[in-house]
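Structure record follows, encoded as structure tokens.
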Amino acid sequence: MSRRRDFDARAVTASPAAVFSGSSAVADVGADTPEILRVENVGVALAGRRILDQVSFAVRAGEFTGLIGPNGAGKTTLLRVILGLHRPTDGSVTIGAQPRSPRSQPVGYVPQKVLLDPDMPIRARDLVALGLDGNRFGLRLPSPKRAQAVREMLHAVDAERFADARVGTLSGGEQQRVLIAHALISRPRLLLLDEPLANLDLRSSQEIIQLLARIAREQQIAILLSAHEMNPLLPVMNRVVYVAGGRAASGPVDEIVTTEVLSRLYGHRVDVLNVHGRVLVVAGQDDDHDGAAQPTEAG
Amino acid sequence: MHDVYTAIFEPGFFGNPQVHVAVAVGGVVAIVCAVVGVFTVMRGQSFAGHSLGDVSAAGGSGALLIGLNPVAGFVGLGAVGAAVMDMIGVQRLRSRDLATGIVLGAAIGLSALFLYLTTTTGATTGATQHVLFGSIFTIATGTISVVTALGGLALAGVALVYRPLLLSTVSPDVAAARGVPVRLVGVTYMLALAVSVGLSSLALGAILSTALLIGPAAAALRLTRRIAWALVIACVISVLATWLGVLLSYDSYDWGSAHNGRLPVSFFIVALVVATYVLSSAASARTARATAPRRDLIKVPAGTEG
């Protein structure tokens with residue numbers, strides 16, 4: 001039984017589940033949908049410090065999963081393990097039932113920080129094209145099929161209007177569209193995005209989220225997106241993997257983002273509040289202390 | 001018309017074997033430096049390029065000291081320096097300055113020792129001038145084939161890793177996630193950089209070698225949005241600056257009596273490269289102003305200013 005502490009009774013919705021999945025934007029992913037990613041009992045230790053411990057979850061085709069947790073929780077490390085760039089201390093990662101390695105089947109990836117120099121002579125369409133064959137050795141010859149594939153992908157992410165601009169001169173939201181197109185053009189079954197909404201304004205964030213939800217739905221791509229703020233993702237998220245204190249819990253949002261589950265993850269009392277349809281995770285109070293709860297994070 | 005021609009091309013210019021060697025070696029070096037330089041500027045590794053120039057100086061002066069072909073010294077020790085930089089961590093942003101600084105310090109120390117020993121033992125006259133500032137007119141004819149082979153090797157290396165190098169220049173993380181062997185690609189590029197700096201040191205001298213590596217590439221990157229065009233433009237600027245530098249240096253023999261003989265080629269090449277960069281920056285700024293969205297001026301009602 002979930003226990004939520006209502007911050008403002010008038011603001012709390014009648015059904016907590018409606019807060020999390022009330023929007024029709026959430027894709028309907030059935031249990032018979034094929035599993036794309038499985039993370040089993042993954043643990044990571046860096047310099048003698050345990051970063052992640054016994055992390056397990058799965059992501060299905062067409063599913064939009066939020067990898068949520070506070071800064072420093074190990075979200076980027078977990079993504080690097082999934083990508084095969086970091087060897088886990090224990091546990092395993094399988095993608096499409098195959099063990100993960102850097103040269104196994106393609107996984108789309110949008111990293112946390114890409115510092116694109118405005119003087120770099122690379123157009124948006126060039127960067128997207130590199131997603132197609134940037135890992136291959138040797139020079140390439142111009143190809144109409146390749147140019148067509150790039151045009152189609154730019155169209156899919158609504159980036160045609162700045163396709164010929166230097167990618168370093170684009171706005172944050174435009175760069176994210178280009179990076180998503182770059183990640184998708186190799187037709188991966190799994191797309192990992194590390195804090196893609198950081199440094200974006202509200203409108204750009206919403207546009208990117210809607211774009212990703214549409215891509216997941218239409219192309220049946222499994223999306224795992226890390227963020228420290230879950231509220232923008234609530235309308236589209238099928239599942240959440242919440243990471244805190246080195247541990248993780250995964251499942252439907254309304255089962256995971258609860259006072260009990262998150263208190264166990266953090267190792268101390270936290271409260272989950274619903275305020276005007278937004279979820280707030282705040283540091284809880286010991287029963288023998290008075291005073292207002294201190295917000296720790298929004299989602 | 002004939003007077004203009006002879007004013008530009010001094011008598012004997014085209015028939016001079018030293019000019020032939022200078023034009024051939026200079027042309028090859030210019031193309032190699034331009035291609036590698038575009039990636040050097042994009043990767044923000046100009047300091048590493050400059051430091052490899054100093055490493056080449058140590059190699060060149062060491063070669064002169066023991067009587068080896070200077071090309072072997074310039075390129076050989078440069079390659080060793082690049083390998084050491086990679087081992088220390090030039091591929092990681094935070095370790096880059098450290099790696100470059102350590103190699104730079106060691107190289108300058110060795111250069112000082114080798115040049116001191118070379119000049120004091122009297123084995124080679126003008127060694128300091130030759131190593132630090134170059135003397136393209138004194139390169140032996142047999143060196144052309146060596147320079148061409150080494151330059152071809154560097155260009156082949158860049159061509160081999162072109163796409164992975166470009167991707168890892170944009171984002172090493174994305175490249176690694178796509179299965180690019182980022183370390184191997186980085187080492188290949190560093191070796192190409194060492195060769196191009198070594199060859200540039202032979203032509204311009206170790207101190208000025210960075211000018212041919214960075215200048216044409218930086219100018220080209222300001223003039224185009226396309227990487228392929230940037231490579232072509234950098235090559236054109238680099239080759240023209242080198243050949244024009246050779247011509248001006250040859251012509252300078254007859255310019256006056258204030259100096260004894262020709263003015264150094266390296267001075268003219270560097271001056272032309274810098275001038276091209278300044279002009280390209282101005283052209284780029286003008287284009288940016290012309291294409292920037294126009295903003296309507298906000299009219300301030302009278303009496304409300306200030």
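The values are calculated or read from the model by the stated rules, or taken from the named source; none is laboratory data. Quantities reported herein were computed from a predicted structural model and do not represent experimental measurements. All Cβ positions, even for glycine, are placed from backbone atoms using ideal geometry, and neighbour counts span all protein chains on display.
Put simply, of A:170, A:190 the only residue that is modelled with pLDDT of 90 or more and either among the hydroxyl-bearing types (Ser, Thr, Tyr) or within 14 Å of residue B:177 (Cβ to Cβ) (or both) is A:190.
Within region A:184-210, residues that are within 13 Å of chain B (Cβ to nearest Cβ) reach partners that are part of a loop (DSSP other than H, G, I, E, B) and among the polar types (S, T, N, Q) with beta carbons closer than 7 Å, at six or more positions or on different chains, in the pairs A:194/A:112; A:195/A:112. Within region B:140-165, the residues that satisfy the criterion of being within 14 Å of another protein chain (Cβ to nearest Cβ) and of a type outside the set (Val, Ile, Thr) are B:155, B:156, B:157, B:159, B:160, B:162, B:163, B:164, B:165.
Can you name every residue in region B:227-248 that is more than 14 Å from chain A (Cβ to nearest Cβ), of a type in the set (Val, Ile, Thr) and surrounded by 23 or more Cβ atoms within 10 Å (Cβ to Cβ)? Of everything in region B:227-248, those that are more than 14 Å from chain A (Cβ to nearest Cβ), of a type in the set (Val, Ile, Thr) and surrounded by 23 or more Cβ atoms within 10 Å (Cβ to Cβ) turn out to be B:237, B:242, B:246. Checked against the criteria, residue A:116 counts as within 11 Å of another protein chain (Cβ to nearest Cβ), in contact (Cβ under 8 Å) with a residue 40 or more places away in the chain and over 18 Å from the mean Cα position of the chain (by Cα). Would you confirm, using the coordinates I've provided, whether residue A:70 is more than 7 Å from chain B (Cβ to nearest Cβ), outside any strand (DSSP E or B), of a type outside the set (Asp, Glu) and touching a His at 6+ places or on another chain (Cβ under 8 Å)? Criteria met by residue A:70. Among the residues of region B:258-282, those that are among the aliphatic types (A, V, I, L, M) and at pLDDT below 90 comprise B:258, B:263, B:265.
Can you find a residue in region A:138-161 that is farther than 30 Å from residue B:230 by Cα, among the polar types (S, T, N, Q) and either within 14 Å of chain B (Cβ to nearest Cβ) or within 15 Å of the chain's Cα centre (by Cα) (or both)? No. Is it the case, given these coordinates, that residue B:228 is of a type in the set (A, V, I, L, M, F, W, C), over 24 Å from residue B:21 (Cα atoms) and modelled with pLDDT under 95? Spelling it out, residue B:228 is indeed of a type in the set (A, V, I, L, M, F, W, C), over 24 Å from residue B:21 (Cα atoms) and modelled with pLDDT under 95. Out of everything in region A:73-107 that is basic (Lys, Arg) and in contact with a His (Cβ under 9 Å, 6 or more places away or on another chain), what residue ends up being nearest to the other protein chains (Cβ to nearest Cβ)? Out of the qualifying residues, it is A:80. Quick one: count up the residues across region A:226-257 that are of a type outside the set (Ser, Thr, Tyr) and assigned to a strand (DSSP E or B). Qualifying residue count for the region: 10. For residue A:242, the conditions (1) under 27 Å from residue A:56 (Cα atoms); (2) within 14 Å of chain B (Cβ to nearest Cβ) are fulfilled apart from (2). Consider region B:9-50 and keep the residues that are under 12 Å from the mean Cα position of the chain (by Cα) and of a type in the set (S, T, N, Q). The one that is modelled with the lowest pLDDT is B:46.
Total residues in region B:166-190 satisfying the condition of being more than 8 Å from chain A (Cβ to nearest Cβ) and in a loop (DSSP other than H, G, I, E, B): the figure is 1.
Within region A:119-137, being aliphatic (A, V, I, L, M), under 10 Å from residue A:182 (Cα atoms) and within 11 Å of chain B (Cβ to nearest Cβ) holds for A:124, A:127, A:129, A:130, A:132.
Each row is one residue, and each column tells you yes or no for (1) surrounded by fewer than 17 Cβ atoms within 10 Å (Cβ to Cβ); (2) within 20 Å of residue A:112 (Cβ to Cβ); (3) at pLDDT below 90; (4) among the basic types (Lys, Arg).
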| residue | (1), (2), (3), (4) |
| --- | --- |
| A:222 | no, yes, no, no |
| A:234 | no, no, yes, no |
| A:246 | no, yes, yes, no |
| A:261 | no, no, yes, no |
| A:264 | yes, no, yes, yes |
| A:279 | no, no, yes, no |
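For region A:140-162, residues that are surrounded by 19 or more Cβ atoms within 10 Å (Cβ to Cβ) and either in contact with a Pro (Cβ under 7 Å, 6 or more places away or on another chain) or not in a helix (DSSP H, G or I) (or both) total 2.
The set of residues in region B:223-276 being of a type in the set (S, T, N, Q) and either over 22 Å from residue A:118 (Cα atoms) or not in a helix (DSSP H, G or I) (or both) consists of B:224, B:238, B:242, B:249, B:252, B:257, B:260, B:266.
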